[in-house]
Structure formats: structure tokens, C-alpha cells
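Notes follow the structure.
The values are calculated or read from the model by the stated rules, or taken from the named source; none is laboratory data. Model, not experiment: these values are computed from the prediction. Ideal geometry is used to build each Cβ from the backbone, glycine not excepted, and the neighbour counts take in all protein chains shown. All accessible areas refer to the heavy atoms of the entire protein, side chains included, with ligands and DNA or RNA removed. Shrake-Rupley method; radii C 1.70, N 1.55, O 1.52, S 1.80 Å.
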Amino acid sequence: MPDNRQRIRGGGVSMPDKVKFTIDGQECLADQGVTIYEAAKANGVYIPVLCHYEGLKAVGSCRICSVMVNGRWMASCTQPLSEGMVIENDAPLVNEYRQAIIEMLLAEGNHFCPTCEKSGNCELQALAYRYGIMVPRFPYQFPRRKIEAFPGFLLEHNRCIQCQRCVRAIQTEDGRKIFAMKDRSKDIRINIDRKLAAKLSEDQIQKAMDICPVGAILKKGVGFIRPIGQRKYDRQPIGSEIEGEK
């Protein structure tokens, strides 16, 4: 067996620089200090995420990335990888759990995909296709939520899934947050500082729209700019870019 430990001065031995784990029966290696999600991705194994986004601090709020680790549920985007973990990701119980989350998100909001500007580029829609969801098992709530207009963009509360990506990603140069969470429980929603929002550049607005996994943040004047067939998930299903790295 190769020794993947690193020698240090004085003849000592450092901790192993790789961690061994098993995911869906496949033995894998990953760097120390990474999360389960990062380790799986590095090994070409797809784990779905909605609240997680590369470069942003993970919060584990949507739970769709949950996996079974040694028989226990864990959020893979926040749980650090440790030696010897036995992870179930593509398993019937885990997939059923994820299907239920997707269906609840679809039933809780107002997601009319054929008329949404984000259709074809929407991560929630793409996950519904991946997991074969045609009609949610849960009754539609049909909430009555408003659409807010700001200089340069719209905020469509009916489609927001409270992932908080915009809260974490969009800030002023001095670090002030433009998006924030307001209220709690069923009344929780995104709130925007109107004075700061009025100063957003076009690039910042585009970034906010791109970072939103659904069609909740829409830049004015660019609706349906990509024709059907050229949209992100028209070209390849969600997750295929990771699974192709195997």
C-alpha cells in the first residue's frame, strides 16, 4: 500500500493528506478539510444542492444535499469529511427524501415554468426533471405574494425558495448586505434595502439574477433572451458536468 503521509522535519510524520471514504459502494480519496459535497464532486459523484453555491459560505438550509452517513442523515455541504465514512447518496431512501423536498418547494410557491424567464436555466426545474417529478404529491398552496420592482430588476416573491444565495453574495463595496431575510416561519421572505438597491450596477444585478437558482430575481429588459434549445439545461441535464468527470 502506498504511504500517502508527508514527512516533516525532525523525523516526525504529519497526518495523512488524503481521507479515505466510501460513497455508494465506491472507495474514494479526498483532501483533508473538505466537506462531503466537495469530496463527492472531486470524485465525479453528483450531490444536488440549491442553497449552496461555489465561493459562498455554506449554510445547509435547503437540505436537499443530505446523505446518509453510517446510518445518520447529514447535510453534505456543511459536514466535514472524515476517515472511513460510509456514505449513501444515490440510494432509494435518499432519493425519496430529495424528491419530497423538491415537491414541497414546487407546491409551496407559484412556479409556472412555461411562463417563467428562468425556464431552462432554473435549478429547481432541472432537479424536478432529474428526479422524474411531474406533479407534486402535496397540495398546491397557491400563496398570494407580491412582485416588487427596483431600478434595473424585479423581485418575484412567488418563486423565491429562501436559499439565501443573494443574501450571502450581493454586497456593497464596504460589505453592507443589500438582500436580507425578514420575518420568520411561513412569513419569512427576502427584504431589500431600496437605497442600496438603487445603486447596484448592471453587473451586480446580472450576478444576482445568475446566482438565484430560480426565477425570483429578474434583470429588466433581458427576459427570454436565450431561445429554447440554447438554455443551460437544454444542452445537458443538471449534474452531468460533475458526473462526466468520473
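Here are a few things to note about the model shown:
- Residues of the range 13-25 that turn out to be modelled with pLDDT of 95 or more and open to solvent by 30 Å² or more (accessible area, probe 1.4 Å), as a count: 4
- Of all residues in the range 173-183 being open to solvent by 90 Å² or more (accessible area, probe 1.4 Å) and over 21 Å from the mean Cα position of the chain (by Cα), the one that is nearest to ALA149 (Cα to Cα): ARG176
- Any chance ARG184 is within 19 Å of GLY109 (Cβ to Cβ) and without any contact (Cβ under 8 Å) to a residue 60 or more places away in the chain: yes
- Of all residues in the range 184-201 being in a strand (DSSP E or B) and within 18 Å of LYS219 (Cβ to Cβ), the one that is farthest from the chain's Cα centre (by Cα): ILE192
- Scanning the range 202-228 for residues that are open to solvent by 50 Å² or more (accessible area, probe 1.4 Å) and either farther than 29 Å from LYS41 by Cβ or outside any helix (DSSP H, G or I) (or both) returns GLU202, LYS220, GLY221, PHE224, ILE225, ARG226, PRO227, ILE228.
- Restricting the range 48-76 to residues that are basic (Lys, Arg) and part of a loop (DSSP other than H, G, I, E, B), the residue that is least open to solvent (accessible area, probe 1.4 Å) is ARG63.
- The set of residues in the range 105-121 being surrounded by 19 or more Cβ atoms within 10 Å (Cβ to Cβ), touching a helix residue (DSSP H, G or I) at 6+ places or on another chain (Cβ under 7 Å) and among the hydrophobic types (A, V, I, L, M, F, W, C) consists of LEU105, LEU106.
- For GLU83: the one exception among (1) within 12 Å of the chain's Cα centre (by Cα); (2) of a type in the set (Asp, Glu); (3) open to solvent by 80 Å² or more (accessible area, probe 1.4 Å): (1)
- Qualifying residue in the range 109-122 (condition: more than 21 Å from GLY229 (Cα to Cα) and not in a helix (DSSP H, G or I)): yes
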